[in-house]
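Undergrad: Got a structure here, written out as structure tokens. Questions coming.
The values are calculated or read from the model by the stated rules, or taken from the named source; none is laboratory data. These numbers were taken from a predicted model, which means no experiment stands behind them. With ideal geometry, Cβ positions are generated from the backbone for all residues, glycine too; neighbour counts draw on all protein chains shown.
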Amino acid sequence: MKDDALQVLKNAKLGTLATINADGSPWVTPVQLSFTDGSISWHSGIDAIHSRNLERDSRVAIVIVESNNGPSKAVYLSSRVQISDQKTFNEQYQKTMAQYLAPIGELDETKSEPNRYYFKVSEDSLV
């Protein structure tokens, strides 16, 4: 099961990102993303609503759906994000954009089912 889930992550190009607004309501937005080194990463404008939400509260949920000719497969992730210190952008881009990383944690096989894979980062591992 974990190999199938990792394949969905490796093929990921687009996901749905959920953050928490200041009033506690959810904010959901699509993001272009990639999976490397055990984390989902994406770039967002630092003034985007979801980026401002992450500055205040780093909790995030991400859903990635792989749709192909067969049944769709999905990965569901609960994590906390970190802002990357990677400096790969030009100077102007660095002033307006940030790279965010969400560790995928461990596959929860008790919650997962065929074609639906649930990952969660334990709060203890985020210290």
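Undergrad: Tell me, which residue of segment 1-57 that is in contact with a Pro (Cβ under 8 Å, 6 or more places away or on another chain) and among the small types (Gly, Ala, Ser) is nearest to Ser84 (Cα to Cα)?
TA: Ranking the qualifying residues of segment 1-57, first place goes to Ser39.
Undergrad: Within segment 29-50, can you find the residues that are closer than 18 Å to Tyr118 by Cβ, surrounded by 13 or more Cβ atoms within 10 Å (Cβ to Cβ) and of a type outside the set (Val, Ile, Thr)? Quick ask: steps written out before the conclusion?
TA: Restricting attention to segment 29-50, the residues satisfying the condition of being closer than 18 Å to Tyr118 by Cβ are 33, 35, 38-40.
Applying the additional criterion that residues be surrounded by 13 or more Cβ atoms within 10 Å (Cβ to Cβ) yields 33, 35, 39-40.
Result: Leu33, Phe35, Ser39.
Undergrad: Having 2 or more residues that are of a type outside the set (A, V, I, L, M, F, W, C) and modelled with pLDDT of 90 or more is the bar; report the strands (runs of 3 or more DSSP E) wholly within segment 50-127 that clear it.
TA: Numbers: elements: 59-66, 73-80, 97-103, 116-120.
Once the strands (runs of 3 or more DSSP E) in segment 50-127 are filtered for at least 2 residues that are of a type outside the set (A, V, I, L, M, F, W, C) and modelled with pLDDT of 90 or more, what remains is 73-80.
Undergrad: Here's a follow-up. Does segment 51-64 contain any residue that is over 30 Å from Asp4 (Cβ atoms), touching a residue at least 40 places away in the same chain (Cβ under 8 Å) and surrounded by 13 or more Cβ atoms within 10 Å (Cβ to Cβ)? Please lay out each step first, then the result.
TA: First, pick out the residues of segment 51-64 that are over 30 Å from Asp4 (Cβ atoms): 51-53, 55-57.
Filter again for touching a residue at least 40 places away in the same chain (Cβ under 8 Å), leaving 51.
In the following step, the residues that additionally are surrounded by 13 or more Cβ atoms within 10 Å (Cβ to Cβ) were identified as 51.
Yes, segment 51-64 has at least one match.
Undergrad: When Asn11 is evaluated against the numbered criteria (1) under 19 Å from Lys120 (Cα atoms); (2) of a type in the set (S, T, N, Q); (3) modelled with pLDDT under 90, which criterion, by number, is the only one it fails?
TA: (1)
Undergrad: Go through segment 8-30 and give me each residue that's touching a residue at least 40 places away in the same chain (Cβ under 8 Å) and over 16 Å from Ser79 (Cα atoms).
TA: The answer is Val8, Asn11, Ala12, Leu14.
Undergrad: Then there is this: Got a number for residues in segment 17-43 being over 30 Å from Asp3 (Cβ atoms) and in a strand (DSSP E or B)? Before the answer, list the steps.
TA: Going through segment 17-43, the residues over 30 Å from Asp3 (Cβ atoms) turn out to be 20-27.
Imposing the further condition that a residue be in a strand (DSSP E or B) reduces the set to 20, 26-27.
Counting residues in segment 17-43 that are over 30 Å from Asp3 (Cβ atoms) and in a strand (DSSP E or B) gives 3.
Undergrad: Give the residue that is surrounded by the fewest Cβ atoms within 10 Å (Cβ to Cβ), with candidates limited to residues of segment 14-28 that are over 11 Å from the mean Cα position of the chain (by Cα) and of a type outside the set (Gly, Ala, Ser). Talk me through it step by step, then tell me what you get.
TA: Taking segment 14-28 and keeping what is over 11 Å from the mean Cα position of the chain (by Cα), we get 20-28.
Filter again for of a type outside the set (Gly, Ala, Ser), leaving 20-21, 23, 26-28.
Working: Ile20: 18, Asn21: 14, Asp23: 5, Pro26: 10, Trp27: 15, Val28: 11.
The extreme case among them is Asp23.
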